[in-house]
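Here's the structure we're looking at; comments come further down.
The values are calculated or read from the model by the stated rules, or taken from the named source; none is laboratory data. Because the structure is a prediction, the values reported are computed rather than measured. Cβ sites come from the backbone with ideal geometry, for glycine too, and all protein chains shown count toward neighbours.
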Amino acid sequence: MNKMKSTKPILLVEDDQADAYITQQALNTIGVANKLIHQPGGEEAIEYLNDSDNEPPCLVLLDLNMPRMSGFDFLKIVKADRKLKRTPIVILSTSDARRNIQEGYDLGAAGYIVKPVDFNQFVEAMQALNSYWSTNMMPNAELISV
């Protein structure tokens, strides 16, 4: 099994259950051993992150188009919070609109991936993400022995 450099969970903020399931399947397919914590919206994810009983994630995968709180609003809140601002957040969106990509980075996203429709391409995108975060040094990470 592959682990990212941390044993901490990955937080998926995604309102679409089918997309959440596909993300879990893609991570399973490439052998990512980190637990995936799914929160169906930004408000629930903020509650999760602020609950000291929950293990903080090594990475957040964030959808943009969610009811009640958009991914952009979630980014603004997390990046303004002194305790949370170093948490790496990668946007996973169906949108390839330049303005969305630019706004995501302007708000502090660590990456932006357009969700491929094809499962095999989605697996490839998750493999690339895993390869990057497996070698990238992260702030506040509890590194595992390789």
Q.
Among the residues of segment 44-53, are any buried (at least 18 other Cβ atoms within 10 Å of the Cβ), assigned to a loop (DSSP other than H, G, I, E, B) and touching a helix residue (DSSP H, G or I) at 6+ places or on another chain (Cβ under 8 Å)?
A. no
Q: Tell me, please, whether a residue that is among the small types (Gly, Ala, Ser), more than 19 Å from residue 19 (Cβ to Cβ), modelled with pLDDT of 95 or more and not in a loop (DSSP other than H, G, I, E, B) can be found in segment 77-85.
A: yes
Q) From the list 96, 63, which one is farther than 19 Å from residue 20 by Cβ and either in contact (Cβ under 8 Å) with a residue 24 or more places away in the chain or charged (D, E, K, R) (or both)? A) 96
Q: For residue 29, state whether it is over 14 Å from the mean Cα position of the chain (by Cα), within 18 Å of residue 134 (Cα to Cα) and not aliphatic (A, V, I, L, M).
A: yes
Q: Just name the residue that is surrounded by the most Cβ atoms within 10 Å (Cβ to Cβ) out of those in segment 127-146 that are at pLDDT 60 or above and under 13 Å from residue 34 (Cα atoms).
A: 133
